[in-house]
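Asks: Next up is a structure, given as structure tokens.
The values are calculated or read from the model by the stated rules, or taken from the named source; none is laboratory data. Quick caveat: nothing in here was measured; it's all calculated off a predicted structure. FYI the Cβ positions are ideal-geometry reconstructions off the backbone, even for glycines, and counts take in every protein chain you see.
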Amino acid sequence: MAEVNTQRLLETAERLRAEIGTELHDRLSEAIYADAARIAERAVVRAGEERRLSWDILLDRLLTSRAFGFPIMLLLLTATFWITIAGANVPSALLGQLTQVTLYGWLHQAANAVNAPWWLSGLLIDGVYLAMAWVFSVMLPPMAIFFPLFTLLEDFGYLPRVAFNLDRLFKRAGAHGKQSLTMMMGWGCNAAGVVSTRIIDSPRERLIAILTNNFSICNGRWPTLILMGTIFIGATAPPALASFYAAASVVTVAVLGIVFTLLVSAFLSRTWLRGEASHFSLELPPYRPPRILQTLYTSLIDRTLIVLKRAMIMAAPAGAVIWLISNVTIGGTSVAGHLVALLNPIGLLIGLNGVILLAYIVAIPANEIIIPTILMLTLNLARSSLAQQGVMLEMEDGQIYEVLTRHGGWTLLTAVNLMLFSLLHNPCSTTLLTIWQETRSRRWTAVAALLPLTIGFGATLLTATIARLMGWA
């Protein structure tokens, strides 16, 4: 057999030499042998020699080890979120002042100058414009910090090492190892994460990855988690450790997302989507030095601005809906008031309230407007002097805490359950549309929407019940 194979190789080499020419053939052969020699120099240990470890091999042993791989991952995630939280506060406040105070005032002055009807200026300026302005000021600074940091880790070659660490966990869950890559893509945008599942060849395993990608916290949910972690979780710590506590709480929710991804993947692979898990070879790319300019371009142009544009487009109709339900009254009470009263018993049962549930219904097009919607509805229903019907307000963290606790009756349990519900609720409309386009199945699109929502209600009900039994609420 060996002689037959050798003869075939020789015949192939002669045929190539005849087709491409002797000189080019020899150059290609030299290049191949040179690459083989370099690989052998690094990987082969000859008899009597000691193995020489390069720095990338040592780094791989550390980053992919069972003992240190996951702690290093958590440490890097915590550092990334801490830098994002600490660095986004000032620019967010400046953008909020510019868009929601200065430009907002100019727009109303222009509307008054042309005698625009109150309902038209209210709908377009107080509704559509302010929703877009809030998304812009709240989303841009964190994304402008988070995405470059995340891209640096990706370009350096660290994210494939994270996928390597998670691969064995996904195999145990009956899913494909590449799902770890699609999950990390979902941390930026779930719609992008769903599209990235095309790298999975198995239809069954690809569907599992699609249905569970929502448990990766997309960029639209980061502002809510960061704010709750800052004003509620951070407030329980000494001032010097407040930022660390806030970052740690966000990382905890992100890790819970990984846990739920694995648990739901295991459930699906053993029930509705039974089958054998396939195998794949994950190539670990070499470590590369940071490329600052390319990183900034990739993260700011290809990620930040594209995600921001989509979010603002989706926020525009949501802002109009918010203004309408706040200003259209039935029996002397706004439509929003009636809906909150209807949802309040369910909300309180699961440790939230009717305002939060209504905000999530209205904000299906854009998760970024959850917090401004909650603030606006809370102030309007409390008939606070700060409130303007259907108007989203820019506030400092201290003011937000005062509004939520004093007028909304929030406790630490409310904030914790909001963070949990933000992780587990249904995907946004953009992601649902993407799921339908990828699956062409109404059934699986409905499952993708209802499965996490059911888990979200169950998880918040459990935490609320435990808190009440322990006397914490």
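Asks: Please go through the range 401-420 and give me each residue that is of a type outside the set (Val, Ile, Thr) and under 15 Å from Val250 (Cβ atoms), ordered by number. First the steps, then the outcome.
Replies: Here is the first cut: in the range 401-420, the ones of a type outside the set (Val, Ile, Thr) are 401-402, 404, 406-410, 412-413, 415, 417-420.
Once the filter is applied, which keeps residues that are of a type outside the set (Val, Ile, Thr) and under 15 Å from Val250 (Cβ atoms), the range 401-420 yields Ala415, Leu418, Met419, Leu420.
Asks: Ok, one more. Kindly list the number of the only condition in (1) within 24 Å of Tyr158 (Cα to Cα); (2) surrounded by fewer than 20 Cβ atoms within 10 Å (Cβ to Cβ) that fails for Ala235.
Replies: Just one mismatch for Ala235, condition (1).
Asks: Just to be sure I understand the filter: pairs with C-beta atoms under 6 Å, separated by 6 or more residues or on different chains, first member in the range 100-128 and among the aliphatic types (A, V, I, L, M), second member surrounded by 12 or more Cβ atoms within 10 Å (Cβ to Cβ) and outside any helix (DSSP H, G or I). Which pairs pass?
Replies: From the range 100-128, no pairs qualify.
Asks: Yes or no: the range 276-292 includes at least one residue that is modelled with pLDDT under 90 and assigned to a helix (DSSP H, G or I). Explain how you work it out, then say what you get.
Replies: Pass one, the range 276-292, residues modelled with pLDDT under 90: 276-292.
This time we only want the ones that are assigned to a helix (DSSP H, G or I), so: 292.
So far as the range 276-292 goes, yes, one or more of its residues are modelled with pLDDT under 90 and assigned to a helix (DSSP H, G or I).
Asks: Ok, one more. Show the residue pairs meeting these rules: Cβ distance below 8 Å; 6+ apart or different chains; first residue within the range 438-453 and farther than 17 Å from Ile364 by Cβ and touching a residue at least 24 places away in the same chain (Cβ under 8 Å); second residue surrounded by 18 or more Cβ atoms within 10 Å (Cβ to Cβ) and not aliphatic (A, V, I, L, M).
Replies: Qualifying pairs under 8 Å: Glu438/Thr197; Thr439/Thr445.
Asks: OK, next. Go over the candidates Ile356, Ile330 one by one and state the one that is more than 24 Å from the chain's Cα centre (by Cα) and among the hydrophobic types (A, V, I, L, M, F, W, C).
Replies: Checking each option against the conditions leaves just Ile330.
Asks: Considering only residues of the range 349-363 that are part of a loop (DSSP other than H, G, I, E, B) and among the hydrophobic types (A, V, I, L, M, F, W, C), which is farthest from Phe421 (Cα to Cα)? If you could, list the steps in order and put the result at the bottom.
Replies: Taking the range 349-363 as the starting set, the residues that turn out to be part of a loop (DSSP other than H, G, I, E, B) are 350-353, 363.
With among the hydrophobic types (A, V, I, L, M, F, W, C) added as a condition, the list becomes 350, 352, 363.
On the way: Ile350: 10, Leu352: 9, Ala363: 14 Å.
Ranking the candidates gives Ala363 first.
Asks: Taking the range 333-368 only, how many residues are in contact with a Gly (Cβ under 7 Å, 6 or more places away or on another chain) and in contact (Cβ under 8 Å) with a residue 60 or more places away in the chain?
Replies: 5
Asks: From the list Val264, Val255, pick out the single residue that is under 23 Å from Ala415 (Cβ atoms) and touching a residue at least 60 places away in the same chain (Cβ under 8 Å). It would help to see each step written out before you state the result.
Replies: Working: Val264 fails: under 23 Å from Ala415 (Cβ atoms).
When all the criteria are applied, what remains is Val255.
Asks: Here is a list: Ile313, Ile330, Ile325, Ile231. Which entry is of a type in the set (A, V, I, L, M) and in contact with a His (Cβ under 7 Å, 6 or more places away or on another chain)? Reasoning before the result, please.
Replies: Numbers: Ile313 fails: in contact with a His (Cβ under 7 Å, 6 or more places away or on another chain); Ile325 fails: in contact with a His (Cβ under 7 Å, 6 or more places away or on another chain); Ile231 fails: in contact with a His (Cβ under 7 Å, 6 or more places away or on another chain).
Checking each option against the conditions leaves just Ile330.
Asks: On to the next question. Filter the range 416-435 for residues that are buried (at least 22 other Cβ atoms within 10 Å of the Cβ) and among the small types (Gly, Ala, Ser) and give the result.
Replies: Ser422 - this is the single residue of the range 416-435 that is buried (at least 22 other Cβ atoms within 10 Å of the Cβ) and among the small types (Gly, Ala, Ser).
Asks: Would you kindly identify the helices (runs of 4 or more DSSP H) lying entirely within the range 388-473 that contain at least 3 residues that are at pLDDT 95 or above?
Replies: Numbers: elements: 397-402, 412-424, 429-439, 442-469.
Qualifying helices (runs of 4 or more DSSP H): 412-424, 442-469.
Asks: Follow-up. When residues of the range 341-377 are filtered for being in contact with a Lys or Arg (Cβ under 7 Å, 6 or more places away or on another chain) and aliphatic (A, V, I, L, M), how many remain? Spell out how you get there, then give the answer.
Replies: First, pick out the residues of the range 341-377 that are in contact with a Lys or Arg (Cβ under 7 Å, 6 or more places away or on another chain): 367.
Narrowing further to those that are aliphatic (A, V, I, L, M): none.
Of the residues in the range 341-377, 0 are in contact with a Lys or Arg (Cβ under 7 Å, 6 or more places away or on another chain) and aliphatic (A, V, I, L, M).
Asks: Could I ask something else about it? If you take the residues of the range 445-473 that are touching a Pro at 6+ places or on another chain (Cβ under 9 Å) and of a type in the set (A, V, I, L, M, F, W, C), which of them is nearest to Leu413 (Cα to Cα)?
Replies: Kept after step one, since they are touching a Pro at 6+ places or on another chain (Cβ under 9 Å), are these residues of the range 445-473: 448-449, 452.
The next check asks that each one be of a type in the set (A, V, I, L, M, F, W, C); those that pass are 448-449.
Values: Ala448: 27, Ala449: 25 Å.
Applying the filter and picking the extreme gives Ala449.
Asks: Testing Asp302 on (1) exposed (fewer than 15 other Cβ atoms within 10 Å of the Cβ); (2) touching a residue at least 40 places away in the same chain (Cβ under 8 Å); (3) charged (D, E, K, R), one condition comes back false. Which one is that?
Replies: (2)
Asks: Filter the range 186-200 down to the residues that are surrounded by fewer than 24 Cβ atoms within 10 Å (Cβ to Cβ), in a helix (DSSP H, G or I) and either β-branched (Val, Ile, Thr) or in contact with a Ser or Thr (Cβ under 8 Å, 6 or more places away or on another chain) (or both) and list them by number.
Replies: Matches in the range 186-200: Val195, Ser196, Ile199.
Asks: So which helices (runs of 4 or more DSSP H) stay within the range 68-148 end to end and still have 1 or more residues that are closer than 18 Å to Gly229 by Cα and aliphatic (A, V, I, L, M)?
Replies: Answer list for the range 68-148: 69-97.
Asks: Still on this model: Output the number of the condition that Trp82 fails; it satisfies all remaining conditions of (1) more than 25 Å from Ile313 (Cα to Cα); (2) crowded, with 22+ Cβ neighbours inside 10 Å; (3) at pLDDT below 85.
Replies: All conditions are met except number (2).
Asks: Taking into account only those residues within the range 317-372 that are of a type outside the set (A, V, I, L, M, F, W, C) and in contact with a Cys (Cβ under 8 Å, 6 or more places away or on another chain), which is surrounded by the most Cβ atoms within 10 Å (Cβ to Cβ)? Show your work before the answer.
Replies: Start the filter on the range 317-372 by keeping residues that are of a type outside the set (A, V, I, L, M, F, W, C), which leaves 317, 319, 326-327, 329, 331-334, 337-338, 344-345, 347, 351, 353-354, 360, 365, 367-368, 372.
In the following step, the residues that additionally are in contact with a Cys (Cβ under 8 Å, 6 or more places away or on another chain) were identified as 365, 367.
Details: Pro365: 20, Asn367: 28.
The residue in question is Asn367.
Asks: Any residue at all in the range 173-183 that is modelled with pLDDT under 85, of a type in the set (Lys, Arg) and either touching a helix residue (DSSP H, G or I) at 6+ places or on another chain (Cβ under 6 Å) or not in a loop (DSSP other than H, G, I, E, B) (or both)?
Replies: Among the residues of the range 173-183, at least one is modelled with pLDDT under 85, of a type in the set (Lys, Arg) and either touching a helix residue (DSSP H, G or I) at 6+ places or on another chain (Cβ under 6 Å) or not in a loop (DSSP other than H, G, I, E, B) (or both), which makes the answer yes.
Asks: Quick one: which residue in Phe260, Phe244, Phe232 is farther than 30 Å from Arg61 by Cα, in a helix (DSSP H, G or I) and modelled with pLDDT of 80 or more?
Replies: Values: Phe260 fails: farther than 30 Å from Arg61 by Cα; Phe244 fails: farther than 30 Å from Arg61 by Cα.
On inspection, the qualifying residue turns out to be Phe232.
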